[in-house]
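**Q** Let me begin by handing over the structure; questions about it come next.
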Protein chains: 2
Amino acid sequence: MPQGQPAAVPADGLTTRQRRNRPLVVVHTGEMKGKSTAAFGLALRGWNQGWRIGVFQFVKSAKWKVGEEEALTALGRVHEQTGQGGPVEWHKMGQGWSWTRKQGTETDHAADALEGWHEIRRRLETEQHDLYVLDEFTYPMKWGWVDVDEVVQVLRDRPGHQHVVVTGRDADPRLVEAADLVVEMTKIKHPMDAGAKGQRGIEW
Amino acid sequence: MPQGQPAAVPADGLTTRQRRNRPLVVVHTGEMKGKSTAAFGLALRGWNQGWRIGVFQFVKSAKWKVGEEEALTALGRVHEQTGQGGPVEWHKMGQGWSWTRKQGTETDHAADALEGWHEIRRRLETEQHDLYVLDEFTYPMKWGWVDVDEVVQVLRDRPGHQHVVVTGRDADPRLVEAADLVVEMTKIKHPMDAGAKGQRGIEW
């Protein structure tokens, strides 16, 4: 059952209010696909708080997570039309990124990923969103496409009150170290073990 | 990265399409709060498929998860107004259940939980929803308020193509056995360890 009581109150000189409002870096890692799903669930909650949601998908396939994209962008339109909740931006690294409108090369994923990170860095520095979901961002870090030390530095130095959720397997230890909250999704039992295929609505 | 290939194709006589459309029982358990969040993320995806979403919260506090409730019911209104996505019903066991409209006694949580389960059983038997989120339903099972064998039997025998997600700690082994997919959310690091308080948008 949910509990809001910390085990101990630290002697950091912060008030309860300040501690309650601490901006967080959250990492969802582990073997299971719940990583992204839980991140989009957080975005649901943030939307209801009126937060400006920014989702950045570092995946190539347009097939995956289209359900979450449709639902969250529908919530963004609810905000535009009624004022309820917050605005939602959803960007994905398909053929380039949506903000550039350029045709991606489809040949240099590393350059696309780096461009995505640079855009996110700019937004963090200018406080463009209240919640960032950097979906599958552990992979560009793992593959050396972006500099992990720079990512950690930018996250540590980000101004204001911006929450950042990073998802993906094999989170770098430096990212885990910099994070406030790390959740690992562990497989106990999965229907694909029994030969089931991924299915609409559950897997994408 | 997402992968849709099963390790082996079972000799169960099913076609790929049949296997892809198998209705699932999913359990989100473990120590971390991502359990419910990931379940509501699944509901996002299901909504986009046009599924009839039914959420049943077996928690007493109205404070928790109000963000998800607001967001998902907003999506339900989008469906009513535009036809996009599917309908959403959200019921919680506060002062009784919303379908009864009666004033709950606030004294017999066990009876309220049992009434909730009986309503869910009726809906499963008459195929009222395509995705059921039974949030924190492991606790009434753990506390003996509902009969675990009956729950498992009803889930096993449910007709049609209804997905059921159960969340909560300490999932009963019989439920785990009956489930197709079990994900455990494991804490690696949590800000409450450092004395932070639960905060709006992240914790509720």
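**Q** Scan the helices (runs of 4 or more DSSP H) fully inside region A:101-175 and keep the ones with 1 or more residues being within 14 Å of chain B (Cβ to nearest Cβ) and touching a residue at least 40 places away in the same chain (Cβ under 8 Å).
**A** Correct list: A:109-125, A:138-142.
**Q** Sticking with this structure for a sec: Report yes if some residue within region B:79-87 is surrounded by fewer than 19 Cβ atoms within 10 Å (Cβ to Cβ) and modelled with pLDDT under 90; otherwise report no.
**A** no
**Q** So which residues in region A:52-78 are surrounded by fewer than 24 Cβ atoms within 10 Å (Cβ to Cβ) and within 9 Å of chain B (Cβ to nearest Cβ)?
**A** Of everything in region A:52-78, those that are surrounded by fewer than 24 Cβ atoms within 10 Å (Cβ to Cβ) and within 9 Å of chain B (Cβ to nearest Cβ) turn out to be A:59, A:60, A:61, A:63, A:64, A:66, A:69, A:70, A:74, A:77, A:78.
The values are calculated or read from the model by the stated rules, or taken from the named source; none is laboratory data. Computed from a predicted structure; not experimentally measured. Note that each Cβ is placed from the backbone with ideal geometry, even for glycine, and that neighbours are counted across all protein chains shown.
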